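*Asks:* The structure that follows is given in the form of structure tokens.
The values are calculated or read from the model by the stated rules, or taken from the named source; none is laboratory data. Bear in mind the structure is a predicted one, so any value in this text is a computation, not a measurement. No Cβ is skipped: glycine too gets one built from the backbone with ideal geometry, and neighbour counts run over all protein chains shown. Only protein heavy atoms, including side chains, enter the accessible area calculation; ligands, DNA and RNA are left aside. Shrake-Rupley method; radii C 1.70, N 1.55, O 1.52, S 1.80 Å.
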Amino acid sequence: MGLTTRLLVPVACVLFLVGGRVQSQDATFWNDQAKQTLQSALNRERTLNKNVAKNVVFFLGDGMGVSTVTAARILKGQNMGNPGEETVLKWEEFSSVALSKTYGVDKQVVSSGSSATAFFCGVKANNNMFGLDSRGRDGDCASSIGAAVDSFLILAHRAGKSTGFATTSRVTHATPAALYAHTPKRSWENDGDIPTEEAAKGCTDIGAQLVENGHVFDVVLGGGRRELTDTNETDPEYPDEVGQRTDGRNIIEEWMGKKAADRTKYVWNLEQFNNADPAETDALLGLFEPSHMHFEVDRAGDEAGEPSIAEMTAKAIKILQKDPHGYFLVIEGARIDHAHHGSNAARALTDTLAMEEAVIKAMELTNEEDTLVIVTADHSHTMSFGAYPLRGNPILGLYDDGEGSDGMPYTTLNYADGPGGEIERDSYNAVGRRRNLTNVNTGDIDFKQSAIVPRSSESHAGEDVAIYANGPMAHLFHGVHEQNYIAHVVRYAACLDYKEHCDMSSAPSRHGFNLRLILVTVFLSVRFWI
Ligand SMILES: *[C@@H]1O[C@H](CO)[C@@H](O)[C@H](O)[C@H]1NC(C)=O
Ligand SMILES: *[C@@H]1O[C@H](CO)[C@@H](O)[C@H](O)[C@H]1NC(C)=O
């Protein structure tokens with residue numbers, strides 16, 4: 001089966017720029033391109049992949065709204081010397097695309113933990129908590145008792161598959177933690193974070209739940225050592241830093257203690273990670289920072305070294321794919337979100353492209369006949385992409401054809417709110433003007449895009465995000481879906497709890513000619529002729 005837009009790549013390569021304008025795009029160019037896409041769409045009708053998903057690889061771009069994807073694709077193309085707009089990201093070749101409505105039970109614009117409960121656990125939840133249904137109330141331990149809901153990673157483990165996750169944030173941070181923890185407060189990452197009276201009602205911190213529930217996972221990679229070790233433990237990488245737990249527990253050692261000693265490895269730097277041979281390793285815990293891992297562009301500055309998200313993905317797949325029963329892997333590009341919160345589009349886009357490298361790796365190492373690959377986001381951000389720049393205008397640059405009505409230049413990427421929103425004040429603090437960006441290098445990696453509303457942390461946005469899917473049952477993503485539907489498609493595709501279609505799994509029905517259909521046809525024919 002051809003990926004839908006594989007044919008677009010060579011077409012994109014014939015573009016060239018003359019004097020800043022794209023040439024050779026007459027009617028023939030667009031008609032030929034559209035005909036190729038149409039042919040792919042027609043072929044798709046005949047080749048729906050109805051196999052059982054033996055494996056699932058799920059990518060979550062935290063905060064990766066559609067404007068982020070568009071801008072990242074342009075940056076990728078421009079980094080290669082092209083105009084950029086015509087670039088096709090790996091997941092844009094996938095066979096199916098749909099939209100995900102991200103609102104939560106209580107909020108119009110959702111937090112990461114609440115939305116993670118939707119796409120991992122299959123039910124929408126309240127703000128600032130995860131792994132709980134709508135009975136869970138913010139910071140209220142009692143409300144969480146009996147309200148727990150499990151992620152598809154836990155269900156996959158129960159179904160006998162190998163499981164794992166990798167993130168660039170702390171492994172106890174809201175999105176990855178929703179895979180194994182149930183908490184009414186996302187900030188309860190170690191025991192010291194929980195008020196004594198709430199702990200007394202029976203709530204445990206997220207770090208502790210990484211061993212209580214998450215010991216069943218075979219691969220756990222990310223940052224967050226400080227949430228798993230006590231204040232009496234010095235960090236191996238930063239001698240001035242200690243853990244944050246106050247209960248004397250070392251969750252890293254406890255997690256290791258749950259596994260077969262000779263086939264389990266703990267690594268905290270790049271060299272150890274590189275030395276972990278997947279053939280010799282059945283369980284891998286990697287914690288590369290006390291808090292979050294670095295942004296992709298800052299990784300080189302880490303002396304101890306840490307793997308890229310693509311390297312974590314490749315290692316995880318190679319460890320997990322030894323399991324003949326299949327595996328589930330969740331990968332989070334967590335820091336796209338953090339860069340946006342800082343009004344820093346450059347790092348948001350470079351981390352998006354780092355996650356694309358990971359998706360490319362996953363597609364190389366898996367087979368679309370038996371592996372469902374999903375790429376989606378938990379929510380969007382307020383970054384907009386506007387003005388009327390020429391084709392090929394630098395995506396991190398200034399609008400090339402005019403100024404605002406205040407006579408000052410502006411970037412084509414901007415935020416509705418955030419720390420880029422500082423307004424110059426006159427001596428009476430009465431009249432505000434926005435920043436004058438004349439002669440400012442807006443392409444600098446640290447540049448903060450302007451924002452209308454000043455706010456210390458830019459906010460999430462409420463519009464729909466995209467779901468890209470390829471492999472078994474990808475076509476079940478076909479329209480505008482509630483976000484919690486995603487978990488149900490995963491569970492259906494892999495026959496976790498939806499099983500009605502699974503008795504045919506021994507005879508894969510790749511083209512819809514399954515045994516049941518043939519028997520019914522024969523039966524009806526015989527009846528007709530008797
Ligand atoms: C930290 O304290 C705990 C509990 O008191 C103890 O078991 C552990 O050995 C201590 N760790 C270090 C490095 O001293
Ligand atoms: C913006 O800065 C430039 C360069 O310093 C200056 O020439 C221009 O007058 C400024 N624009 C406004 C509206 O202040």
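*Asks:* Given a cut-off of under 8 Å on Cα pairs at least six residues apart, what relative contact order in percent is computed for segment 67-150?
*Replies:* Working: 110 pairs, mean separation 13.1, N = 84.
16 percent.
*Asks:* Using label points projected 7 Å from each Cα along Cα→Cβ, tell me how many nm separate A34 and A200, to one decimal.
*Replies:* Each label point is offset 7 Å from its Cα along the Cβ direction, giving 7.1 nm.
*Asks:* Something else: Given H placed 1.01 Å from N in the peptide plane, which residues other than close sequence neighbours of G333 have an amide H under 5 Å from its amide H?
*Replies:* Answer set, sorted by chain and number: L60, G61, D62.
*Asks:* Using +1 at the Cβ of each Lys and Arg and -1 at the Cβ of each Asp and Glu in the chain, identify which of W268, T412, S95 lies farthest towards the dipole's positive end.
*Replies:* The listed residue farthest towards the positive side: S95.
*Asks:* Let me ask something else about it. Can you tell me the FRET efficiency between I445 and S291 if r is taken as the Cβ-Cβ distance and R0 is 35 Å, rounded to the nearest 0.05? Could the numbers behind the result be given before it?
*Replies:* Numbers: r = 20 Å, r/R0 = 0.58.
According to the calculation, E is roughly 0.95.
*Asks:* Would you kindly find the accessible area of F29, with a 1.4 Å probe and non-protein molecules such as ligands, DNA and RNA excluded, rounding to the nearest 10 Å²?
*Replies:* 30 Å²
*Asks:* Another question, if that's okay. Can you tell me what share of the DSSP beta bridges in the chain is antiparallel? A percent to the nearest 5 is fine. Write out the running numbers ahead of the final one.
*Replies:* Numbers: 24 of 62 bridges.
Counting DSSP beta bridges with both partners in the chain, the antiparallel share is about 40 percent.
*Asks:* Near the amide H of G404, under 5 Å away, which other amide H atoms are found, from residues 5 or more places off or on another chain, if H is placed in the peptide plane?
*Replies:* Long-range HN contacts for G404: Y410.
*Asks:* OK, next. Give me a comma-separated list of calculated 3J(HN,Hα) values for segment 137-149, in order, Karplus coefficients 6.51, -1.76, 1.60 applied at θ = phi - 60°, integers in Hz, x for any Gly or Pro.
*Replies:* Values, residue by residue: 10, 3, x, 9, 4, 4, 5, 8, 5, x, 9, 5, 10 Hz.
*Asks:* Report the label-to-label distance for R263 and H325 in nanometres (one decimal), using points 7 Å from each Cα along the Cα→Cβ vector.
*Replies:* 1.2 nm
*Asks:* What are the radius of gyration and Dmax of segment 116-183, computed over its Cα atoms and given in Å?
*Replies:* Expressed in Å, the Cα Rg and Dmax of segment 116-183 come to 11.9, 34.
*Asks:* Summing Lys, Arg as +1 and Asp, Glu as -1, what charge do residues with Cβ under 14 Å from the Cβ of V480 carry, V480 excluded? Each step should come with its number before you reach the end.
*Replies:* Details: positive: K101; negative: E463, D464, E482.
Local charge sum for V480: -2.
*Asks:* List the extent of the Cα atoms of segment 452-496 along each of their three principal axes, largest first, rounded to whole Å.
*Replies:* Here the spans come out as 47, 20, 16 Å, largest first.
*Asks:* Give the long-range amide H neighbours of R137: residues separated by 5 or more places, or on another chain, with amide H under 5 Å away, using H modelled in the peptide plane at 1.01 Å from N.
*Replies:* S143, S144
*Asks:* Let me ask another. Along each of the three principal axes of the Cα atoms of the chain, give the extent in whole Å, ordering the values from largest to smallest.
*Replies:* 87, 69, 46
*Asks:* Output wanted: per-residue J couplings in Hz (rounded whole) for segment 196-212, from phi through Karplus 6.51 cos²θ - 1.76 cosθ + 1.60, θ = phi - 60°, x for Gly and Pro.
*Replies:* 3, 5, 6, 4, 5, 7, x, 8, 10, 6, 5, x, 5, 6, 5, 8, 4
*Asks:* Okay, next question. Cα atoms only: what Rg and Dmax, in Å, come out for segment 273-425?
*Replies:* Calculated on Cα positions, Rg and Dmax stand at 19.8, 65 Å.
*Asks:* What are the ³J(HN,Hα) couplings of segment 406-413, residue after residue, when phi is run through the Karplus curve with 6.51, -1.76, 1.60 and θ = phi - 60°? Round to Hz, x for glycine and proline.
*Replies:* 3J(HN,Hα) across segment 406-413, in whole Hz: 8, x, 10, x, 8, 7, 7, 9.
*Asks:* Mind listing P(r) for segment 165-287? All alpha-carbon pairs, 5 Å bins, whole percents.
*Replies:* For segment 165-287, the pair-distance distribution reads 2, 12, 21, 24, 20, 13, 5, 2, 1, 0.
*Asks:* Let me ask something additional. About the Cα centre of segment 283-344, what is the dipole size in debye to 20, counting +1 per Lys and Arg Cβ and -1 per Asp and Glu Cβ, all else neutral? Present the calculation step by step, with values, prior to reporting the outcome.
*Replies:* Working: 5 positive and 10 negative charges, 64 e Å.
Its charge dipole is roughly 300 debye.
*Asks:* If I model a spin label at K318 and D247 as a point 7 Å from the Cα along the Cα→Cβ vector, what separation in nanometres do I get?
*Replies:* Using points 7 Å along Cα→Cβ, the separation is 3.6 nm.
*Asks:* Oh, and also: Which helices, taking whole DSSP H runs in the chain, have alpha carbons extending 15 angstrom or more along the helix axis plus mean Kyte-Doolittle at least -0.5?
*Replies:* Working: long enough: 27-46 (29 Å, -1.24); 66-79 (20 Å, 0.16); 309-320 (16 Å, 1.05); 345-365 (30 Å, 0.52); 515-529 (21 Å, 1.77).
Result, helices passing both filters: 66-79, 309-320, 345-365, 515-529.
*Asks:* Let me ask something else about it. Please calculate the 1.4 Å probe accessible area of K259, with all protein chains present, and give it to the nearest 10 Å².
*Replies:* 40 Å²
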